[in-house]
Each structure stands twice: as structure tokens, then as C-alpha cells.
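J.: Just dropping this structure here.
The values are calculated or read from the model by the stated rules, or taken from the named source; none is laboratory data. None of the values given here were measured: they were computed from a predicted structure. Here the Cβ is made from the backbone with ideal geometry for all residues, glycine too, and neighbour counts use every protein chain on show. Ligands, DNA and RNA are stripped out before the accessible areas are found, and what is left, the full protein with its side chains, is counted by its heavy atoms. Shrake-Rupley method; radii C 1.70, N 1.55, O 1.52, S 1.80 Å.
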Amino acid sequence: MDKFVINGPAKLSGTVEVSKSKNSTLPIMASTLLFDKPVTLKNLPELRDIATMKKLLEKLGVKIEQRGSETIFDSSELTFCEATYEMVKTMRASVLVMGPLLTREKRAVVSLPGGCAIGARPIDIHLSGLEKLGAKVSMHGGYVKVTSDQLIGNKIVLPFPSVGATENLLMAAVYAKGLSAIENVAQEPEIDDLIDFLNSAGAKIERSRSTIMIEGVPPLSLKPIVHTPIGDRIEAATYLIAGLITNSSIKINGVRPIYLEAVIELLKGAGAKIDLDDNSITVHPSKLTPFNVETAPFPGFPTDVQAQLIALATKIQGSSFITEKIFENRFMHVPELQRMGAKIVLKGNLAVVEGGEKMVGAPVMCTDLRASAALVLAALICEGKSEIYRVYHIDRGYELIDQKLRQLGVDISRVNE
Ligand code: UD1
């Protein structure tokens, strides 16, 4: 198992290129199941979650070929309709094959995701939405089976703007008969990327704010297409915080700042000096003041940046308040940050960070993807050596993070032991 060894404190400089978005790529890959003609995706990030989705699609019969920076998906012959326990427990986004499989193959069997490190994460909103489109849902032996000879368009009101449910339902509705209207949808940029991808192939989908309208098109009528996913806004936010926490000047290339408005606004409000371009963000040394923020669905402050923000708050003199509103148990990084010297008090879903304490390098353990990013960020301001264990969590979602940080000047090495 790999660990990172980071010698701090670090000072960064230079430019970092963000990879293509993991959370865009995963649903777009799942939606290639809607095609019987080849789909080409460009510059996919080399991440464990992407490799897992490839493995799942191959199990379903998809032929995947890599040609340079292009990945070609041929779903002309599907042979299996099941996302097994093995796959779903490795990556919960495996449930995203349910909508496309159901609408194309008339059935899908998916292992029910159980709890995970950051909370319960059920799929009830996905299932009740599919029922509204006419699917029959049954459970047996830890698996959920959805079937329907022909999905029929309908109005669906989501009780919460779940990202995964919005994606699964809009993919299912692409071949449903007639018009579907999904209300209270998630509005994350990754959803718009999925919609743009499907529309370029011939789907008829329109989002206006929190409603998505889908006019069903004939089954298997989507045309071959080449698409490049959008840049990863969560990776970009993580590097933005890396610049601020180390009081450095760095440029982050390959992301549209508009996707990160809530993060940039909060940081600017706290005194961050940030310059924006169409496709890049530059951060400069800044004296920061404490903040008070709660996570929310897009366009609110992303839960996927909460852990990194807590790491930043440990550096800022005074009390910062961070409330987690999306996941029930997403503070696994807190005890690890405390081992590095951070002063943080948890009160339910509120973290109160007394910043400005001296941070000292320590051995710490990754528990989930974004918690791991917080530990790496904290290690950048610790005196001395930090050893970060179980970095397979970080490899799920940050392409070449050790190489990218090294290029920015961090003393970081990956050790296999
Ligand atoms: C996606 C992102 C993840 C991000 C999350 C919230 C991907 C691959 N992952 O995850 O990085 O942290 O959005 O921005 O894009 N819920 C239910 N019932 C459901 C579905 C969700 O109760 O049927 C609850 C979840 O338990 C959670 C909340 O809704 O508390 C948000 O979940 P959701 O938006 O669905 O997140 P994911 O799509 O799993």
C-alpha cells in the first residue's frame, strides 16, 4: 500500500493543470450504455474510479479501446445487466448504470449501496423516480431489480436535489416515451456536461434552473460523438486552497471559475487575493480572516471542498465555523488534523476551528477521498515530516497529485510499503 511522505512547511510557485472532472466523466461513461454506436471521450483522467467504471462497463459487454488520449466506447452489444456487490462496494457511482441499462435493456440489477465512511447514502430518490417513469422495483438478497418494457415520460419532483438521482433519471428518460419533467434537480456543472454530451448526440434535454425537461427520442437513435469532459472544479479548489494555506502565488489552469463561484466568493470575503480568467485562477499570498460557511447543493458551497476548507481554517487566526449539511458523517479528517496539532471542536454537523495553532508533521490515515486531500493540505503547513497512509483514497479522485505538488515545489514522495 502506498503512503505519501511530505516534509513541510512548503512554499509553492508555478502553474498546475487540473485534470478532467471525475464527477463529469463517471456519468458520461455510464451514459455510453445508451449508444449502439461508438463514443469517443478525450483526455479522461487516470484515476481509480475511472478504472473501476471501465471495468464495470466491460462486464456489461462494452468494448473499450484506448488510442492515445482518446478512449473509445463500443456498447453495440451488451451481454449483462448487473452491477455486482463487488463493483458497487468499490465505487458507489456504479449505480449510475441503472438508468441507462433500464431504458435500453428493459432491466437492470444493481447491488444496494450500504453505508460508507461519509454517511448512509441510500438510493431511494433514484428508485422512486424510476417508478414514476413506470419501472417496477423489487429487492432481493441485497440487490435491487428494476424492469420496464417501455418507460413512459412523467413529472418527477425530487425530495432533495441528489446529483446521482438527477443523472440516473435523466439518462433513463432519454428513451422514455413522451415528455418527462424532473423538478428540484441538482444543478452541478457536471450535470450540464452530461446534458451537453447527450444533446450533441441527438437527445432532447433542456435544463432551466431546477427543472429538466426531456423529450424521449427513439431507442438507440443517439449518434456517434466525440466529447471532452469539463475541468475538475474540486481539484481546482483543492489547489487554490494549497496556494492560500502556504501563502504562495500559483496559477491553476483548466477550470472555469464560474463553477467555483461559492468557493471563490467565500475566500475573497476572507481576504484572499484571487485573479480570474476564462479558464484559470491565480492566487496570491493573502492575509486571511476567519469565516462561517455551510455546505449546500450547487450553487452553494460544495461539500466536496469542506474538508480542504477545514484544513485552511487551521491556519487562520481566530474561530471559523463550518457546517456540513449534505452528508451526515463527513468529518473523518478532523481527528487526523487534531493529531497534527489542529484545534477543532465538533458539535453535531458543525466544526469550530480555532486557527493559528502550530501544526507539526505526524503519521495520519486517509479515510475518504476529500478527507485525504485535507490531510495533504495540512501537511504543507506542518513543521517536519508527515506520513499520509492509505493514499489509495486520494488516487480515486486526484490525478498525479504527488507529481503535480512536486512540480509546484512541495517535498513529497510516494513510498510503497
Ligand atoms: C455526488 C458526487 C459527490 C458529492 C455529492 C454531493 C459523483 C460521482 N459524486 O455524489 O462527490 O459529494 O454528489 O455533491 O458525482 N441521498 C438520499 N437518497 C438518494 C440519493 C441521495 O437520501 O436516493 C442523500 C445522500 O445520502 C446524501 C445527499 O443525498 O446525504 C447527497 O447525495 P447525492 O447528491 O446523491 O450525491 P452522489 O450523487 O452520491
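J.: If the elastic network links every pair of Cα atoms under 10 Å, which of ALA270, ALA30, ALA311 fluctuates the most in the Gaussian network model of the chain?
T.: ALA270
J.: Of LYS22/LYS54; LYS63/LYS106; LYS358/LYS385; LYS136/LYS223; LYS11/LYS315; LYS20/LYS223, which pairs sit farther than 18 Å apart, going by alpha carbon to alpha carbon?
T.: LYS63/LYS106; LYS136/LYS223; LYS20/LYS223
J.: Under the definition of Cα pairs under 8 Å and six or more residues apart, what whole-number percent is the relative contact order of segment 22-227?
T.: 20
J.: A further question follows. State the Cα centre-to-centre distance between segment 271-308 and segment 333-398 in whole Å.
T.: That distance is 18 Å.
J.: Restricted to Cα positions, what overall size does the chain have along the principal axes? Three whole-Å values, descending.
T.: Computed over the Cα atoms, the extents are 63, 44, 43 Å.
J.: Over the chain, what is the relative contact order in whole percent, taking alpha-carbon pairs under 8 Å and six or more residues apart?
T.: 22
J.: For a distance above 14 Å, tell me the whole-number percent of Cα pairs in segment 126-189 that qualify. Don't jump to the answer; show the numbers that get you there.
T.: Numbers: 1087 of 2016 pairs.
Summing the P(r) of segment 126-189 above 14 Å gives 54 percent of all pairs.
J.: Starting from the 7 Å offset along Cα-to-Cβ, what nm value, one decimal, do you get for the label separation of ARG339 and SER13?
T.: Calculated label separation equals 3.4 nm.
J.: Let me ask something else. Compute the label zone of LYS136 within segment 150-179: residues whose backbone N is under 12 Å from the point 7 Å along Cα-to-Cβ.
T.: Inside the label zone: 150.
J.: Sticking with this structure for a sec: Looking at PHE197, LEU130, ALA165, which one has the Cα that reaches farthest to the positive end of the dipole of segment 22-227 (charges on Cβ: Lys, Arg +1; Asp, Glu -1)?
T.: My answer, from the dipole projection, is LEU130.
J.: For ASN199 and VAL157, calculate 0.36 nm times their separation in residues minus their Cα-Cα distance, and state this gained length in nm to one decimal.
T.: Difference between extended and current length: 12.9 nm.
J.: If you don't mind, another one. State the three equivalent ellipsoid semi-axes of segment 22-227, derived from the C-alpha gyration tensor as the square roots of 5 times its eigenvalues, in descending order and whole Å.
T.: Ellipsoid half-lengths, sorted descending, are 22, 20, 17 Å.
J.: A further question on this structure: GLN150 label point, 7 Å along Cα→Cβ, cut-off 12 Å on backbone N: hits in segment 86-103?
T.: none
J.: Taking 0.36 nm per residue of separation and subtracting the Cα-Cα distance, what length does fully extending GLU183 through ASN43 add?
T.: Details: separation 140, 0.36 × 140 = 50.40 nm, distance 3.24 nm.
So the extension gain works out to 47.2 nm.
J.: Give the accessible area for HIS393 in Å² (nearest 10); use a 1.4 Å probe, count only protein heavy atoms, and leave out ligands, DNA and RNA.
T.: 30
J.: Quick one: ranking ILE125, ILE212 by accessible area, 1.4 Å probe, largest first, what do you get?
T.: On the way: ILE125 25, ILE212 0 Å².
The residues order as ILE125, ILE212, largest area first.
J.: So for the pair LYS223, LYS59, with labels modelled 7 Å out along Cα→Cβ, what separation do we get in nm?
T.: Each label point lies 7 Å from its Cα, and together they span 3.5 nm.
J.: So what is the diffusion coefficient of segment 338-417 in µm² per second by Stokes-Einstein at 25 °C and 0.890 mPa s, using a Kirkwood Rh over Cα pairs?
T.: After rounding, the answer is 181 µm²/s.
J.: Give the aspartates and glutamates whose C-alpha is closer than 15 Å to that of LYS145, dropping any in the same chain fewer than 8 places away, or say none.
T.: GLU82, GLU105, ASP124, GLU131
J.: Provide the FRET efficiency to the nearest 0.05 for the SER413-ASP36 pair, computing r from the beta carbons and using R0 = 45 Å. Don't jump to the answer; show the numbers that get you there.
T.: Numbers: r = 47 Å, r/R0 = 1.04.
Given R0 = 45 Å and the Cβ-Cβ separation, E is 0.45.
J.: Treating the beta-carbon of each Lys and Arg as +1 and of each Asp and Glu as -1, no other charges, what is the dipole magnitude of segment 350-417 about its Cα centre, to the nearest 20 debye?
T.: With only Lys, Arg, Asp and Glu charged at Cβ, the dipole is about 140 debye.
J.: Starting from the residue with the highest accessible area, list GLU328, GLU399 in decreasing order, probe 1.4 Å.
T.: GLU328, GLU399
J.: Separate question: Compute the accessible area per residue over the chain, keeping the other protein chains in place, probe 1.4 Å, unit Å².
T.: Details: 16370 Å² over 417 residues.
Here the residues of the chain average 39 Å² of exposed surface.
J.: Then there's this: Whole-Å semi-axes of segment 295-370's equivalent ellipsoid, largest first, each the root of 5 times a Cα gyration tensor eigenvalue?
T.: 20, 14, 10
J.: Ok, one more. Dipole size in debye (nearest 20) for the chain around its Cα centre, Lys and Arg Cβ +1, Asp and Glu Cβ -1?
T.: Dipole of the chain, to the nearest 20 debye: 300 debye.
J.: While we're here: Where does helix 163-173 land angle-wise versus the long Cα axis of the chain, in degrees 0 to 90, nearest 10?
T.: In the chain, helix 163-173 runs at an angle near 20 degrees to the longest axis.
J.: From largest accessible area down, sort PHE327, PHE4; use a 1.4 Å probe on the protein chains.
T.: Correct descending sequence by accessible area is PHE327, PHE4.
J.: If the chain between SER319 and LYS268 were fully stretched, how many nm would it gain, using 0.36 nm times the residue separation less the Cα-Cα distance? The partial results should precede the final answer.
T.: Values: separation 51, 0.36 × 51 = 18.36 nm, distance 1.73 nm.
Contour length minus the Cα-Cα distance gives 16.6 nm.
J.: Further question on the same structure: Of all the accessible heavy-atom surface of segment 22-227, with the other protein chains kept in place and a 1.4 Å probe, what percent is carbon and sulfur?
T.: Carbon and sulfur together cover 50 percent of it.
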